[in-house]
Amino acid sequence: MELILSSFDIFLRWDVWAAILVGSIGGVIIGAIPGVGPAVAIAILLPATYSMDPLIGITVLLGIYGSAMYGGAIPAILINTPGTPVNALTTYDGYSMTKDNKARRALTLAYWSSFTGGIFSIIALIFMTSLIAKVAPLFGSRDILMAALLGLVLVIISHRKQTLIAGMLVFFGMFISTIGMESVKYSMRFTFDQSWLLSGFDLITVLLGLFAVSQAFTLLIGNDKRVSMPSLKGKKREGFFELMKYKTVALISSAMGVIMGIIPGVGEFLAQFFSYNIARSISDKPERFGKGAPEGIIASEAANNAVPAAAMIPLLALGIPGEALTAMMLSVFYVHNIIPGPDLFVKHIDFVYGLYASLILINIIVMIFLLVATKHLLKIIQIPQRFLGVSILGLSFVGVYTLRNSMIDCIMCAVFGIFGYALKRLNLPIVPIILGMVLGNIMELKFRASQARIDTLFDYINRPISGIIFAIIVITLLIHFWSIWRQYRKEN
Amino acid sequence: MGKEEYQAGDLVFAMLMLLIVLVLLVSIPFETKWFDGVPLVKQPRLWPTFCLVGMALFGLLYSIQIWRNYKFQLGEVQAELNELSSWLRPLEFVFYFVLYVWSVPLVGYLLSTLLFFSLLTIRAGYRTLLMFWVSLATGFGIVVVFKSLLQVKVASGAIYDYLPDGWATFFMIYF
């Protein structure tokens with residue numbers, strides 16, 4: 001209890017408040033601008049947070065991560081364009097409500113649903129902390145190796161219809177992480193006698209290229225879309241009362257978001273997809289879904305906003321990021337020598353509690369901001385797309401150049417930008433590359449660290465935790481192949 | 001297991017990736033070291049080989065799938081090549097970006113950013129006075145936030161050496 005109270009001391013610091021405000025309000029604005037998204041913003045800001053206090057840096061990034069989806073609902077509902085990719089399902093019912101002159105109701109419903117999802121997942125996270133703190137120290141190298149492997153397997157198979165290319169990109173990411181001087185025998189790997197490849201590819205360079213620079217190219221080469229904003233009529237409290245009518249949907253969707261958030265590699269897309277389907281199946285009027293059903297907005301928004309806090313669980317407990325944004329945050333932890341994993345709950349428990357408290361405050365501030373400032377945010381949505389491209393390219397410079405003032409880094413970032421641009425044009429996933437890079441590196445380290453206790457391959461799974469995780473991997477793969485077989489038989 | 005609809009460029013992308021993997025696989029003996037007397041699991045060569053084999057396996061299956069499922073025909077070669085050329089369209093912006101990076105240590109972060117934002121805004125098709133000022137204000141804002149306030153490490157411009165001492169230090173620290 002004393003620890004929890006002491007962690008609240010951090011809120012006497014002005015810089016913590018500034019980080020919370022900048023992160024939460026900045027996140028909403030970024031989310032509200034179609035074409036930017038939290039991944040681009042976090043990739044750009046990442047190097048700037050390296051020089052900050054770890055809690056401040058993480059709070060800014062978490063603020064953006066946690067609040068971008070709140071903002072993303074605004075263009076999804078008003079102009080049928082999701083602000084962030086994970087607001088896509090909100091367009092189904094949100095835009096239909098806007099066409100029926102219920103824009104304000106749809107927006108406030110989305111805000112309150114997001115708030116419910118956000119707070120629910122933080123509460124879940126806090127309650128799970130004690131459990132994690134007990135279990136986490138039991139994790140050894142082999143267990144973390146298996147957990148990372150599970151993450152990779154889930155990343156690949158969660159890209160349904162794109163499993164093979166996701167697999168190739170995961171291995172591509174893993175390969176990138178091996179380039180440069182390795183740390184055991186200090187030999188060079190795939191440096192092709194180039195001195196600039198000695199230290200390998202920095203995660204930030206790849207991240208900025210694949211997410212930010214590629215997005216800048218997409219926007220610069222594309223055309224501006226003229227958007228007309230609908231008028232906001234109605235009362236702000238309508239959404240809250242509507243949410244109260246569908247409490248069960250909100251709770252189920254939030255729980256689904258938490259579950260999906262914890263599982264590495266799954267994330268918001270599947271969370272909202274499952275929640276939406278569950279909401280439809282338990283609805284009295286399932287035929288309304290896609291035509292302005294309030295439950296549709298609740299399911300989508302509560303689920304995707306429950307993911308960010310839940311996604312922190314594998315990151316904090318095991319040091320295993322479940323998706324690209326938590327992979328980016330992992331690098332902030334490493335820079336400040338705060339190593340996520342079992343030790344975090346022993347050595348830096350005050351930091352963990354401070355993080356939870358920041359998350360709660362972020363959600364409260366975002367909610368207040370949105371109820372007050374939605375009208376003004378409508379102007380931001382109308383920023384011309386190509387000008388956004390100019391701004392993102394200019395901001396990407398800050399991200400990559402500040403690493404070590406290197407022209408080579410900038411050129412590599414641009415090369416990855418072109419690669420990301422090609423992937424986007426082909427509708428191929430980018431996230432597997434990043435997770436391959438991060439998890440591949442963890443896997444190699446843990447693989448080597450566990451060698452002292454390995455005589456046969458069976459030794460990797462003869463520990464209770466690694467055995468259970470391996471069983472989960474096997475079951476997951478069996479279910480995946482069984483579903484493919486079933487689909488194949490259905491089609492033929 | 002694959003994309004539902006074939007898209008021009010899918011095949012050429014798969015082939016390019018396969019080609020890269022093949023080149024990398026062939027270069028394993030030259031680009032990684034093998035230490036005698038060290039067990040296989042501790043060899044630095046093991047992990048990149050594992051990654052490349054995995055990449056080749058998935059890449060091969062992906063290419064076969066595209067070839068078979070989408071009934072690729074020779075007539076579509078032109079569409080593939082058109083898509084390939086469209087991937088190179090951002091090269092123009094890469095050039096501007098590199099020029100920007102090159103100019104920062106010479107003319108300083110502030111001036112190069114103002115030039116980059118204003119000129120690229122014009123190139124992007126916004127030729128009104130309003131957008132010109134907006135681009136300058138955006139560039140200035142970014143420099144103030146990142147360099148002046150957050151003090152990120154950006155090389156100071158050689159041009160600042162020509163300013164009077166007090167001004168030179170001020171610009172080196174804040175712009």
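We did not get these values from a lab; they are worked out from the coordinates using the rules stated. Since this is a predicted model, take the numbers as computed values, not measurements. Positions of Cβ are backbone-derived with ideal geometry, glycine not excepted, and every protein chain shown enters the neighbour counts.
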Inset, instruction - Might you let me know whether region A:350-370 holds any residue that is of a type in the set (D, E, K, R) and buried (at least 24 other Cβ atoms within 10 Å of the Cβ)? - result: no
Legend entry - Every residue from region B:31-60 that is more than 9 Å from chain A (Cβ to nearest Cβ), exposed (fewer than 15 other Cβ atoms within 10 Å of the Cβ) and in a helix (DSSP H, G or I): B:LEU40
Legend entry - Selection from region B:139-155 of residues that are more than 23 Å from the chain's Cα centre (by Cα) and at the interface with chain A (Cβ under 8 Å from one of its Cβ atoms): B:LEU150, B:GLN151
Legend entry - Subset of region A:152-166 that is farther than 18 Å from A:ILE263 by Cβ and buried (at least 24 other Cβ atoms within 10 Å of the Cβ) - its residue that is farthest from the chain's Cα centre (by Cα): A:LEU164
Legend entry - A:THR248, sole failed condition from (1) under 28 Å from A:PHE289 (Cα atoms); (2) of a type in the set (Val, Ile, Thr); (3) surrounded by 16 or more Cβ atoms within 10 Å (Cβ to Cβ): (3)
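If you go through region A:31-44, how many residues are within 14 Å of chain B (Cβ to nearest Cβ) and either touching a Pro at 6+ places or on another chain (Cβ under 7 Å) or surrounded by 24 or more Cβ atoms within 10 Å (Cβ to Cβ) (or both)?
4
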Legend entry - Residue in region A:116-124 that is over 25 Å from A:ALA68 (Cβ atoms), surrounded by 22 or more Cβ atoms within 10 Å (Cβ to Cβ) and of a type in the set (Phe, Trp, Tyr) present: no
Legend entry - Selected residue (criterion: surrounded by the most Cβ atoms within 10 Å (Cβ to Cβ)) from residues of region A:391-429 that are polar (S, T, N, Q) and out of contact with any Lys or Arg (no Cβ under 8 Å at 6 or more places or on another chain): A:SER396
Inset, instruction - Of all residues in region A:391-444, count the ones that are within 19 Å of the chain's Cα centre (by Cα) and of a type in the set (D, E, K, R). - result: 1
Legend entry - Residue match in region B:107-125 (condition: surrounded by fewer than 22 Cβ atoms within 10 Å (Cβ to Cβ), among the hydroxyl-bearing types (Ser, Thr, Tyr) and within 9 Å of chain A (Cβ to nearest Cβ)): no
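Applying the selection to region A:153-177, what residues are at the interface with chain B (Cβ under 7 Å from one of its Cβ atoms) and aliphatic (A, V, I, L, M)?
If the condition is that a residue be at the interface with chain B (Cβ under 7 Å from one of its Cβ atoms) and aliphatic (A, V, I, L, M), then A:LEU164, A:ILE165, A:MET168, A:MET174 are the ones that fit.
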Inset, instruction - Name the single residue, out of those in region A:178-213 being among the polar types (S, T, N, Q) and more than 8 Å from chain B (Cβ to nearest Cβ), that is nearest to A:PHE387 (Cα to Cα). - result: A:THR205
Inset, instruction - Keeping to region B:153-175, report how many residues are surrounded by fewer than 19 Cβ atoms within 10 Å (Cβ to Cβ) and touching a Pro at 6+ places or on another chain (Cβ under 9 Å). - result: 3
Inset, instruction - Kindly list the number of the only condition in (1) part of a helix (DSSP H, G or I); (2) away from chain B (no Cβ under 14 Å); (3) under 27 Å from A:ILE204 (Cβ atoms) that fails for A:GLY83. - result: (1)
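Please work out if A:ARG13 is surrounded by fewer than 24 Cβ atoms within 10 Å (Cβ to Cβ) and more than 14 Å from every other protein chain (Cβ to nearest Cβ). Please lay out each step first, then the result.
Numbers: surrounded by fewer than 24 Cβ atoms within 10 Å (Cβ to Cβ): yes; more than 14 Å from every other protein chain (Cβ to nearest Cβ): yes.
It is true that A:ARG13 is surrounded by fewer than 24 Cβ atoms within 10 Å (Cβ to Cβ) and more than 14 Å from every other protein chain (Cβ to nearest Cβ).
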Legend entry - Selection count, region A:382-414, where residues are more than 8 Å from chain B (Cβ to nearest Cβ) and of a type in the set (A, V, I, L, M): 7
Inset, instruction - Just name the residue that is surrounded by the most Cβ atoms within 10 Å (Cβ to Cβ) out of those in region A:293-329 that are of a type in the set (Asp, Glu) and more than 11 Å from the chain's Cα centre (by Cα). - result: A:GLU301
Legend entry - Tally, over region B:6-23, of residues that are touching a residue at least 12 places away in the same chain (Cβ under 8 Å) and either more than 7 Å from every other protein chain (Cβ to nearest Cβ) or acidic (Asp, Glu) (or both): 10
